[in-house]
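The values are calculated or read from the model by the stated rules, or taken from the named source; none is laboratory data. Note that the structure is predicted; figures quoted are calculated from it, not measured. As a convention, Cβ positions derive from the backbone with ideal geometry for all residues, glycine included, and neighbour counts pool all protein chains shown. Calculation scope for accessible area: heavy atoms of the full protein, side chains included, ligands and nucleic acids excluded. Shrake-Rupley method; radii C 1.70, N 1.55, O 1.52, S 1.80 Å.
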Amino acid sequence: MVFHTLGAVVAPLLVLGMAYGGARYAANGSPGSSVFIGNALVIVAFITAFGTGFLLDPDHPFQPLVAIVTSVLLALSVIGLADEVSNNILRTRGEATRCTVLDVDRQVHTSTYTDSNGVTHTTTKVNYKHKLDCAAGRPDSMTLDKKRAEKGERIEVTYDPRGRLDPKPTAMLAEKGAWRTVAFVLPPVVIGLRLLVLIAAALERRRYGR
């Protein structure tokens with residue numbers, strides 16, 4: 001029971017701690033390989049999140065479902081936490097500048113893979129590269145998943161003077177985005193669901209005298 005409790009509570013916290021540390025190191029570490037190492041830690045945390053659910057007590061019939069659902073939620077939490085850490089650092093040390101949008105280039109990225117059953121899957125991601133002319137002399141471009149301004153418009157952009165983080169619209173940093181909600185809401189949900197399964201399994205064993 002103690003082992004399973006640790007798996008339900010400590011494992012998610014360790015995964016989130018790894019994601020938090022990786023995101024901060026990527027933004028604040030020493031020049032050179034810190035960006036690669038920091039982002040690698042976030043990726044490892046994301047992958048590890050999918051395995052933590054199977055540390056739960058296997059005696060309860062709902063365990064497999066809860067393991068899968070909470071593992072997916074925890075992986076999403078890793079992405080949300082890493083994004084929020086980067087945004088918070090950009091808010092703190094970033095510098096704002098007024099920019100004119102020279103052009104907006106819609107970029108479509110398509111990737112194809114074949115699963116173990118031989119079925120081919122295609123995914124498409126769309127980005128918008130905003131080419132900029134900024135008063136500070138930089139940045140010269142900003143790539144986002146949505147178009148934030150039209151050609152010829154003026155926009156305030158916050159950039160990282162150390163060049164570690166991608167620039168973002170200043171107004172966007174002030175928004176309470178979906179990933180921020182994911183970062184703070186999902187971890188307690190994950191831990192709560194896993195503890196409920198443990199309690200249910202313990203009660204079931206007591207009921208049947210196991």
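Structure summary
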| item | result |
| --- | --- |
| Residue match in the stretch 112-131 (condition: in contact (Cβ under 8 Å) with a residue 40 or more places away in the chain and under 30 Å from E156 (Cβ atoms)) | no |
| Failed condition for V197, given (1) closer than 25 Å to A19 by Cα; (2) part of a helix (DSSP H, G or I); (3) touching a helix residue (DSSP H, G or I) at 6+ places or on another chain (Cβ under 6 Å) | (1) |
| Those residues of the stretch 64-112 which are polar (S, T, N, Q), surrounded by 15 or more Cβ atoms within 10 Å (Cβ to Cβ) and closer than 20 Å to N127 by Cα, in sequence order | S86, N87, T100 |
| The stretch 143-170: number of residues that are outside any helix (DSSP H, G or I) and open to solvent by less than 90 Å² (accessible area, probe 1.4 Å) | 19 |
| Checking V42 against (1) of a type in the set (A, V, I, L, M); (2) closer than 23 Å to L173 by Cβ; (3) out of contact with any Gly (no Cβ under 6 Å at 6 or more places or on another chain); (4) open to solvent by less than 60 Å² (accessible area, probe 1.4 Å), the condition it does not meet | (3) |
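Yes/no per residue for (1) open to solvent by 70 Å² or more (accessible area, probe 1.4 Å); (2) in a helix (DSSP H, G or I); (3) at pLDDT 90 or above:
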site: H4; (1), (2), (3): no, yes, no
site: V10; (1), (2), (3): no, yes, no
site: L14; (1), (2), (3): yes, yes, yes
site: A19; (1), (2), (3): no, yes, yes
site: G22; (1), (2), (3): no, yes, yes
site: G38; (1), (2), (3): no, yes, yes
site: I47; (1), (2), (3): yes, yes, yes
site: D57; (1), (2), (3): no, no, no
site: H60; (1), (2), (3): no, no, no
